[in-house]
């Protein structure tokens, strides 16, 4: 490293050794704050940048000083020193002792989305998602599209019924002479060849005349396609009326009856549905109503592949927030594999941009389990909540399992090993501060923290003896590392609740 020509050097204060160390000798770790300094007069030009972003600094008796807080992200960083000349110094940001790397971040995202997809398939939640690929087979993704957008199809049909496309057609037929509206050269020629009793001697007109009659007809290609698509939608709705999910069956029956009503529209009477491949006509491309109708049915079959996204992006610096969501989805998987999940639709939401997983801070999401149990993310307790209240201030534990009238709190803590006792001590506010609204009794039976820390400094918090004696403790959980003890604990709570209900 070539330092400025004045001989002054840039130094960082190492948090572990409490010694000032030159930049080339520093080992930076994520999630830490580093002080830096350089001995320069205030009139000497100087600027320090990290990845092209200037770092804040103040001038002191020593020289220029400042602080830099490293993000929750490992990788290469570039320091730029601008003085008499511009110097770039590469450095590396190492993971901290929690050891959640960028690969762990990607693994957690994959786990969250995989479990979200499993929950969607399990309960048929009503949400929006990305999809692709043509398929005529029925699926929960296709049903969700029908249910969410049927109102648009209804509006389109109402507009088509009000002003359907029509075409003026001419046909030759016998017509009474008083019904003739257009006199053509062909009519005059025919009347001369077929004289009869007329209204005057100069122009004898027969009683019945073979002439051309022009009338509006709804027998156009686009209307025939509309009729065919309505029959196809009816066929799909018959399938959905036979699924085991009651909410889908009832709605499918309602939509089926609505299609039957549409098929009785006047402009569809006597019409035959289009037979053969459907092509995009000029009306389907440019007519504002028929274009929307065609687009709705085109999207109806685009569910060969679909993927669920997250409502919000989570930057690497917010790894602690991602860890909370990941732990919750791991617990969701545990209860789902235990066979007690009834409804997961509250995990999802309909957004204009198609982002669907709505787990976020201070917004409660709850899934229903068998036996009246629930598993909630960010469940809120205040003086005004329905069943359980707090008598001090509002509390929002990260994960709450309610079973058998008791609450079991699991709080993910992205902490270092030596901070775990303090993190576990924070759980006492939940244990003592959340009470039953009916009788004022305590309802939080057990509290646990979940952490990626290995627990080497506080191994007793992770032991069965400690957890059984105090009904609190810690579980370690990291990406790509299963924890059968935590899964067994969840199963134990649910099985105990089930047996208690059977005894009643």
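Scanning region 139-186 for residues that are modelled with pLDDT under 70, part of a helix (DSSP H, G or I) and more than 14 Å from residue 252 (Cα to Cα) turns up 141, 177, 178, 179, 185, 186. Inspect all residues belonging to region 323-338 and state whether any of them is modelled with pLDDT under 90, surrounded by fewer than 19 Cβ atoms within 10 Å (Cβ to Cβ) and not in a helix (DSSP H, G or I). Yes, there is a match, as at least one residue in region 323-338 is modelled with pLDDT under 90, surrounded by fewer than 19 Cβ atoms within 10 Å (Cβ to Cβ) and not in a helix (DSSP H, G or I).
Residue-by-condition table, conditions (1) in contact with a helix residue (DSSP H, G or I) (Cβ under 8 Å, 6 or more places away or on another chain); (2) farther than 30 Å from residue 343 by Cβ; (3) part of a loop (DSSP other than H, G, I, E, B):
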| position | (1), (2), (3) |
| --- | --- |
| 242 | yes, no, yes |
| 249 | yes, no, no |
| 254 | no, no, no |
| 267 | yes, yes, no |
| 272 | yes, yes, yes |
| 276 | no, yes, yes |
| 279 | no, yes, yes |
| 289 | yes, yes, no |
| 292 | yes, yes, no |
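Against the test of being surrounded by 13 or more Cβ atoms within 10 Å (Cβ to Cβ) and either part of a loop (DSSP other than H, G, I, E, B) or touching a helix residue (DSSP H, G or I) at 6+ places or on another chain (Cβ under 7 Å) (or both), the options 466, 448 yield a single qualifying residue, 466. Screening residue 43 on (1) modelled with pLDDT under 85; (2) crowded, with 16+ Cβ neighbours inside 10 Å; (3) more than 24 Å from residue 418 (Cα to Cα) shows it passes everything except condition (2). In this entry, residue 455 passes the filter for residues that are without any contact (Cβ under 8 Å) to a residue 40 or more places away in the chain, in a loop (DSSP other than H, G, I, E, B) and touching a strand residue (DSSP E or B) at 6+ places or on another chain (Cβ under 7 Å). Screening residue 73 with (1) at pLDDT below 75; (2) buried (at least 19 other Cβ atoms within 10 Å of the Cβ); (3) in contact with a strand residue (DSSP E or B) (Cβ under 9 Å, 6 or more places away or on another chain) gives one miss only, at (2).
State whether one or more residues within region 488-498 are without any contact (Cβ under 8 Å) to a residue 40 or more places away in the chain, assigned to a strand (DSSP E or B), closer than 21 Å to residue 334 by Cα and in the same structural domain as residue 363 (by TED's automatic domain parsing).
We begin by selecting, within region 488-498, every residue without any contact (Cβ under 8 Å) to a residue 40 or more places away in the chain; these are 488, 492, 495.
Adding the requirement that they be assigned to a strand (DSSP E or B) leaves none.
Scanning region 488-498, I find no residue that is without any contact (Cβ under 8 Å) to a residue 40 or more places away in the chain, assigned to a strand (DSSP E or B), closer than 21 Å to residue 334 by Cα and in the same structural domain as residue 363 (by TED's automatic domain parsing), so the answer is no.
Among the residues in region 87-100, are any modelled with pLDDT of 80 or more, more than 30 Å from residue 261 (Cα to Cα) and in contact with a helix residue (DSSP H, G or I) (Cβ under 8 Å, 6 or more places away or on another chain)? Scanning region 87-100, I find at least one residue that is modelled with pLDDT of 80 or more, more than 30 Å from residue 261 (Cα to Cα) and in contact with a helix residue (DSSP H, G or I) (Cβ under 8 Å, 6 or more places away or on another chain), so the answer is yes.
Set side by side, the residues 427, 395 differ, and just one is surrounded by 15 or more Cβ atoms within 10 Å (Cβ to Cβ) and over 21 Å from residue 452 (Cα atoms), which is 395. If you check 478, 442 for being more than 30 Å from residue 104 (Cβ to Cβ) and either over 31 Å from the mean Cα position of the chain (by Cα) or assigned by TED's automatic domain parsing to the domain that holds residue 370 (or both), only one passes: 442.
The values are calculated or read from the model by the stated rules, or taken from the named source; none is laboratory data. The model shown is predicted, which means the values in this text are computed figures rather than measured ones. Quick reminder, even Gly has a Cβ in these numbers, built from the backbone with ideal geometry, and neighbours come from all protein chains shown.
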